[in-house]
Amino acid sequence: MEMTDSVNATTQLMDDSELAQDPFPLYAQWREAGPIQHALTPSGDPVWLVTRYADVVAAFGDDRLSLSKTHSGTGYRGFALPPALDANLLSLDPPDHTRLRKLVNREFTARRVENLRADVVAIADDLLATMNIDTGVDLVQTYAVPLPLTVIGRLLGVPDKDQPDFRAWTTSLMSPASAAEAKSALGKIEAFLRELIGHKRRTPGDDLLAGLVAAHDGGDCLSEDELTSLAFLLLWAGYEVTVDLIGVSTLELLRRPALWATVREQPERLPQLVEELVRVVSPTPVSIRRFAREPLTIGGTDIPRGATVMLLIAAAHRDPARFDAPDTLDPDRDVRAAQLGFGYGVHYCLGAPLARMETAVALHRLATRFPHLALDPESPPQWRPSWRSRGLLTLPVVPHTGE
């Protein structure tokens, strides 16, 4: 990957599993080289990367940066979704974003999330009860994936039998072998969601998706495409980040036995620790693309109208201008008001409370069930080759054999 000394150079973003293990030295070099870096995505799209914490926070709240592709003037292709899946909160600005957000907030309440806690504990314990650590286990496929997938499935009323298919389709979207594979996965997801929404109409329930269907059918200004797109966003975003957060957080904690013991023995410290893990792990290293509605200046750099801007959250999370010893995982650091892993401002992730709760429960139940756990020295973790997300494909573990 090419280094950049100025915004006149071009940084090449890459889908690379080796880089995903530790991209932070490279991100630090970009941040030190300048607050804005010109870059090309793997598909060749030109983007402007915002690298420093203060500028990233300011950009999150700058309404001159739009999420709507109608403001793209540089031919940005990015991740193409069909219209029935693209009318979601990540593609809209106020007032449409505000309207949809209010509808989802009405159904996706803090009480609904907290009422899931007992279910999350039970699901975690059921998964752990089937594991035979003595023979070695991959914690990603046996735990980090099925736990959030089952939880979001129950929240939205997705039948258990359909969840493995949905996981396979979204995996294809995250790292497709070809454009044809991604297109096929999108078609299957759209057909599945339309069928699921039809089922909710015929058989109403008290799950989140049933509530959104009722809002649509009750005339709450929710189009059919918006309904389908919201279902897609909630299913995908509702578990993909959590899978990565649980997996990489477990890896980081197993590298620090004292912290692993803290997870088990002092669960009251977990909420703060999870916030710090989000900062250090950065499962979402870069924000979704934004488009300049008009010419603007970020970090002293002029950004032209129509340009694509992305916020390098992982670089901002380790900005020494904002955090002392930023590369250190410090369980006593209070970053609740500072970490940006779930976004910031009007586009703050509505599923953040669920992701936090699931991660805390997952780590505590795992550490309680298997206090003496170690990374498999014969089988290192495998990383997903993606510049958009930072997650594990596998996390092999074995019993700890030392003192």
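Every read-out reported here was derived from the displayed coordinates using simple, explicitly stated rules and does not represent laboratory data. If you're wondering where the values come from, they're calculated on a predicted model, not measured in any experiment. Glycine also receives a Cβ, built like all others from the backbone with ideal geometry; neighbour counts cover every protein chain displayed.
Distance distribution P(r), the stretch 232-354, all Cα-Cα pairs, bin width 5 angstrom from 0: 2, 10, 17, 21, 18, 14, 9, 5, 2, 2, 0 percent.
Packing here is the average count of other Cβ atoms within 10 Å per residue, and on that basis the peptides 272-281, 90-99, highest first, run 272-281, 90-99.
Relative to its Kirkwood radius, the Cα radius of gyration of the stretch 11-399 gives an Rg/Rh of 0.95.
Counting only Cα atoms, the stretch 140-190 measures 30, 24, 14 Å along its principal axes, largest extent leading. For the chain, averaging the sequence separation of C-alpha pairs within contact (under 8 Å, six or more residues apart) and dividing by the residue count gives a relative contact order of 27 percent. Farthest towards the positive end of the charge dipole of the chain, among the residues 13, 364, 66, is the Cα of 66, using unit charges on the Cβ of Lys, Arg, Asp and Glu. With a Förster radius of 25 Å applied to the beta-carbon distance between residue 194 and residue 160, the computed FRET efficiency rounds to 0.80. Electrostatic bookkeeping for residue 316 treats Lys and Arg as +1 and Asp and Glu as -1; over the other residues with beta carbon under 9 Å from its beta carbon, the sum is +2. Once the Cβ-Cβ distance of residue 294 and residue 256 is raised to the sixth power relative to R0 = 51 Å, the FRET efficiency obtained is 0.65. Arranged from fewest to most other beta-carbon atoms within 10 Å of their beta carbon, 183, 102, 200 become 102, 183, 200. Here the sum of -39500 (n - 2.57) over DSSP H runs of 4 or more residues, divided by the residues of the chain, equals -14000 deg cm²/dmol at 222 nm, to the nearest 500. P(r) for the stretch 181-240, from all Cα pairs and a bin width of 5 Å, is 4, 18, 28, 27, 14, 6, 3, 0 %, short bins first.
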